[in-house]
Amino acid sequence: MKILRFFIIFLLIIFFGCDNNDDGINTINFQFTHSWGNQPISESDLENTLYTNVSGNELNITRLRYLISDIQLTNQDGTLNLGNHQLIDLSNEESLRFTANGNVLFSENTTLSFRFGLSNEDNIDGIYTDLNTANFNVPNMLGGGYHYMQLDGSFTDDSNANQPYNFHAIRAIDNTDSNNIITTDTSFVVTFSNVNISRDNITITVNMDISQWFTNPNTWDLNLASTGLMGDYDAQIVMSQNGNNVFSFTSAE
Amino acid sequence: MQRSLIIFFFSIVIVSCGSNNSEEYTPVPVNLQIPELFQQRLINPLIPTDNPLTEEGISLGKKLFFDRRLSKNNSKSCASCHNPNNAFTDVAQFSVGVDGQIGTRNSMPLFNLAWNFNERFAWDGSELSLERQALEPITNPIEMDSDWQDVLDKLQQDSEYPNLFFQAFGTNIIDSDLVVKAIAQFERTLISGSSKFDRYLQGNAELTSEELNGFNVFMDEDRGDCFHCHGSDNNPLWTDNSFHNNGLNATFTDLGLGAITGDPNDNGKFKSPSLRNLAFTAPYMHDGRFATLEEVINFYSEGLQISSTIDPLMKKANQGGVQLSDQDKADLKAFLLTLSDNEFINNPDFRE
């Protein structure tokens, strides 16, 4: 009888021991949504829907890919790093959602932060195999490393002609003087405070309002600048300034 | 009694978990020989879990790839239109089928296919895996024009194939699923990663000043701006494996991806081909309209056509193209030719 009891306990340990999830490992899901103002944008809007920016440019969107990195949750107990980088592609539903695991303590006062693009320290040419495979590189003549964003489409210009735009964000570089090349880290950190992490497997939703890239604090007129922006130092600075207003926290539920 | 029960229970567990029928033939697993440059710069290739690479599967796939009995009248093999000498395409604008019929598309070269992560194959993305791609030409009336049952009967009656299928897949009953699995295994081994430019990147070759300028034209957003669709020194596939309307036509007679998805926004979009091995793969474009690289470069420089779905990355289409100088055109061609891989086309593992 004693042996049988021991055997049952042994089996219970085998069956339940391997699926024990009580050691503080929590799952956080992230969802990135997109909008033009309050108008949601999904893959089906690509090339289909027309938008008007603050300069009156009527435009469509063909492609939106961007990079976020250094995703962190911070509360009174410290900071949790939730992964290095994530390439978000509006045409790829799977890329809009991702999951991170880590020891997260429940808190109503959690701060969520992530970086748009890559910091200078992390923006090293060619080292990320996933981004190389995704063809997200920046040529060495423009400082190397990686794109922060590719927002492409077409717009109607002032003479009523259809024109392309390539709103590509990278680390700003001024290489007009080869003896004095200037680079500026134009990635930026987005921070949302008072995020309520109330349960395991919670989904945090963040929205990018694409219209804000053209709006605030700098008004962008595609008639004046629409292509060849990667090597345009001033354009990259303006993009970075406007980018600070494109993300908003939607929910944690 | 209790002790006997426990021993009996463990015996069942051990025997059932360690299923190891020694009489069953086990094919030898194969790891792809990935070039060092690819290992450094790309994520691992995609090998489907239901079709792992094995020595026997690859060998069988190679035999099938070169076997003309896959066609209706035993006149055409896969290699007839995908010739190793031409980086697994052929020299015709449109390949000729078994009864002399021709299609409307240029045969695509075959290499580095395991790095096509979106799993859309063919110019129009119509085939959603390499295995499914291999199914189609067998019965296509303008290609092999065969019937799967006829093909299977021929293979089944062969003196070698049933045993080769047994060695590769554990059964000597041949079906179309196993045929295309074997062919796909062979195709995944077709890796091209030993061009002059690859050796340059590894410090084992030098480029001429013309080739270097050509590379700069390729990477310069204000000149060629080729890198947005065709890879770079950091993406040695030299393709984004995606679909674009690159401005070939003002109106579409071939809808390309649009005919597959049914989305008018995809009309006129075709897969970006890799720029590797251009020395061997003329003519160029999905319809083989350009016989030479000069024609291709002139097209991107001055010949772009505006249409409703032209990719915005073709940013100078309204001016006809990127307007390269004659010197930049010549140098761009010189650079592109450094991406050709003689070791690949001469690799005996890839020949009949």
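The values are calculated or read from the model by the stated rules, or taken from the named source; none is laboratory data. Owing to the predicted nature of the structure, the values given are computational and were not obtained by experimental measurement. Please note: Cβ atoms are built from the backbone with ideal geometry, for glycine as well, and neighbour counts cover all protein chains shown. Ligands, DNA and RNA are stripped out before the accessible areas are found, and what is left, the full protein with its side chains, is counted by its heavy atoms. Shrake-Rupley method; radii C 1.70, N 1.55, O 1.52, S 1.80 Å.
Hey, does the stretch B:303-311 have a residue that's hydroxyl-bearing (Ser, Thr, Tyr), within 16 Å of the chain's Cα centre (by Cα), within 19 Å of B:Ser242 (Cβ to Cβ) and modelled with pLDDT of 95 or more? Show your work before the answer.
Applying the first criterion (hydroxyl-bearing (Ser, Thr, Tyr)) to the stretch B:303-311 yields B:307-309.
With within 16 Å of the chain's Cα centre (by Cα) added as a condition, the list becomes none.
The answer is no; no qualifying residue exists.
Among the residues in the stretch A:23-46, are any in contact (Cβ under 8 Å) with a residue 24 or more places away in the chain, within 14 Å of chain B (Cβ to nearest Cβ) and surrounded by 18 or more Cβ atoms within 10 Å (Cβ to Cβ)?
Checked against the condition, which is being in contact (Cβ under 8 Å) with a residue 24 or more places away in the chain, within 14 Å of chain B (Cβ to nearest Cβ) and surrounded by 18 or more Cβ atoms within 10 Å (Cβ to Cβ), the stretch A:23-46 yields at least one hit.
Residues that are touching a helix residue (DSSP H, G or I) at 6+ places or on another chain (Cβ under 8 Å): list the strands (runs of 3 or more DSSP E) wholly contained in the stretch A:67-126 that include at least 1 such residues.
Fully inside the stretch A:67-126 and qualifying: A:85-89, A:107-116.
May I ask you to verify whether B:Asn83 is under 30 Å from B:Ser232 (Cβ atoms) and surrounded by fewer than 16 Cβ atoms within 10 Å (Cβ to Cβ)?
no
Return the residues of the stretch A:159-169 that are in contact with a strand residue (DSSP E or B) (Cβ under 9 Å, 6 or more places away or on another chain) and either among the aromatic types (Phe, Trp, Tyr) or facing chain B (nearest Cβ under 10 Å) (or both); say none if nothing qualifies. Let's see the steps before the verdict.
The initial filter retains those residues of the stretch A:159-169 that are in contact with a strand residue (DSSP E or B) (Cβ under 9 Å, 6 or more places away or on another chain), namely A:162-169.
A:Asn162, A:Gln163, A:Pro164, A:Tyr165, A:Asn166, A:Phe167, A:His168 - these are the residues of the stretch A:159-169 that are in contact with a strand residue (DSSP E or B) (Cβ under 9 Å, 6 or more places away or on another chain) and either among the aromatic types (Phe, Trp, Tyr) or facing chain B (nearest Cβ under 10 Å) (or both).
Select from the stretch B:268-297 the residues that are of a type outside the set (A, V, I, L, M, F, W, C) and open to solvent by 30 Å² or more (accessible area, probe 1.4 Å) and write down the one among them that is nearest to B:Asp326 (Cα to Cα).
If we take residues in the stretch B:268-297 being of a type outside the set (A, V, I, L, M, F, W, C) and open to solvent by 30 Å² or more (accessible area, probe 1.4 Å), then B:Glu294 is nearest to B:Asp326 (Cα to Cα).
Which of the residues that make up the stretch B:207-228 are farther than 20 Å from A:Gly228 by Cα and outside any helix (DSSP H, G or I)?
Across the stretch B:207-228, the qualifying residues are B:Leu207, B:Thr208.
A quick yes/no check of all residues on (1) within 18 Å of A:Arg65 (Cβ to Cβ); (2) open to solvent by 30 Å² or more (accessible area, probe 1.4 Å); (3) within 14 Å of chain B (Cβ to nearest Cβ); (4) at pLDDT 95 or above:
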site: A:Tyr148; (1), (2), (3), (4): yes, no, no, yes
site: A:Asp157; (1), (2), (3), (4): no, no, yes, yes
site: A:Asn175; (1), (2), (3), (4): no, yes, yes, no
site: A:Phe192; (1), (2), (3), (4): no, no, no, yes
site: A:Met230; (1), (2), (3), (4): yes, no, yes, yes
site: A:Gly243; (1), (2), (3), (4): yes, no, no, yes
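The rows are residues; the columns are (1) surrounded by fewer than 20 Cβ atoms within 10 Å (Cβ to Cβ); (2) in contact with a Ser or Thr (Cβ under 6 Å, 6 or more places away or on another chain); (3) over 25 Å from B:Phe197 (Cβ atoms).
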position: B:Asn318; (1), (2), (3): yes, no, yes
position: B:Asp331; (1), (2), (3): no, no, no
position: B:Leu337; (1), (2), (3): yes, no, no
position: B:Phe344; (1), (2), (3): no, yes, no
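Applying the selection to the stretch B:294-320, what residues are touching a residue at least 40 places away in the same chain (Cβ under 8 Å) and within 14 Å of chain A (Cβ to nearest Cβ)?
Scanning the stretch B:294-320 gives B:Leu304, B:Gln305, B:Ile306, B:Ser307, B:Ser308, B:Thr309, B:Ile310, B:Asp311, B:Leu313, B:Met314, B:Lys315, B:Ala317.
Tally the residues that are away from every other protein chain (no Cβ under 14 Å) and assigned to a loop (DSSP other than H, G, I, E, B), restricting the search to the stretch B:321-338.
Number of matching residues: 3.
If I filter the stretch B:125-133 for residues that are open to solvent by less than 20 Å² (accessible area, probe 1.4 Å), touching a residue at least 60 places away in the same chain (Cβ under 8 Å), outside any loop (DSSP other than H, G, I, E, B) and hydrophobic (A, V, I, L, M, F, W, C), do I get at least one hit?
No, that holds for no residue.
Report those strands (runs of 3 or more DSSP E) wholly inside the stretch A:132-238 carrying at least 2 residues which are touching a helix residue (DSSP H, G or I) at 6+ places or on another chain (Cβ under 6 Å). Quick ask: steps written out before the conclusion?
Values: elements: A:149-156, A:162-169, A:172-174, A:182-184, A:188-197, A:202-209.
In the stretch A:132-238, the matching strands (runs of 3 or more DSSP E) lie at A:172-174.
Do we find a residue being out of contact with any helix residue (DSSP H, G or I) (no Cβ under 7 Å at 6 or more places or on another chain), buried (at least 23 other Cβ atoms within 10 Å of the Cβ) and at pLDDT 95 or above anywhere in the stretch B:177-188?
no
Could you run through the stretch B:300-316 and say how many residues are outside any loop (DSSP other than H, G, I, E, B) and open to solvent by 10 Å² or more (accessible area, probe 1.4 Å)?
2
Quick check on my filter: what residues within the stretch A:92-112 are surrounded by 14 or more Cβ atoms within 10 Å (Cβ to Cβ) and within 14 Å of chain B (Cβ to nearest Cβ)?
Answer for the stretch A:92-112, where residues must be surrounded by 14 or more Cβ atoms within 10 Å (Cβ to Cβ) and within 14 Å of chain B (Cβ to nearest Cβ): just A:Ser95.
Within the group B:Gln185, B:Gln167, B:Gln156, B:Gln202, which residue is farther than 18 Å from B:Leu332 by Cα, within 14 Å of chain A (Cβ to nearest Cβ) and not hydrophobic (A, V, I, L, M, F, W, C)?
Only one candidate passes the filter, namely B:Gln202.
Return yes when B:Leu164 is surrounded by 17 or more Cβ atoms within 10 Å (Cβ to Cβ) and either modelled with pLDDT under 95 or within 22 Å of B:Cys81 (Cβ to Cβ) (or both) and no when it is not.
Judged against the criteria, B:Leu164 is not a match.
Take B:Thr261 and decide whether it is among the β-branched types (Val, Ile, Thr) and either within 14 Å of chain A (Cβ to nearest Cβ) or open to solvent by less than 20 Å² (accessible area, probe 1.4 Å) (or both).
The answer is yes for B:Thr261.
Just checking, which of A:Arg65, A:Arg115 is within 28 Å of A:Pro217 (Cβ to Cβ), open to solvent by 10 Å² or more (accessible area, probe 1.4 Å) and within 12 Å of another protein chain (Cβ to nearest Cβ)?
Values: A:Arg115 fails: within 12 Å of another protein chain (Cβ to nearest Cβ).
Result of the check over A:Arg65, A:Arg115: A:Arg65.
Among the residues of the stretch A:118-135, how many are open to solvent by less than 20 Å² (accessible area, probe 1.4 Å) and more than 9 Å from chain B (Cβ to nearest Cβ)?
Total satisfying the criteria: 3.
Go through the stretch B:229-241 and report how many residues are facing another protein chain (nearest Cβ under 8 Å) and not in a loop (DSSP other than H, G, I, E, B).
Of the residues in the stretch B:229-241, 3 are facing another protein chain (nearest Cβ under 8 Å) and not in a loop (DSSP other than H, G, I, E, B).
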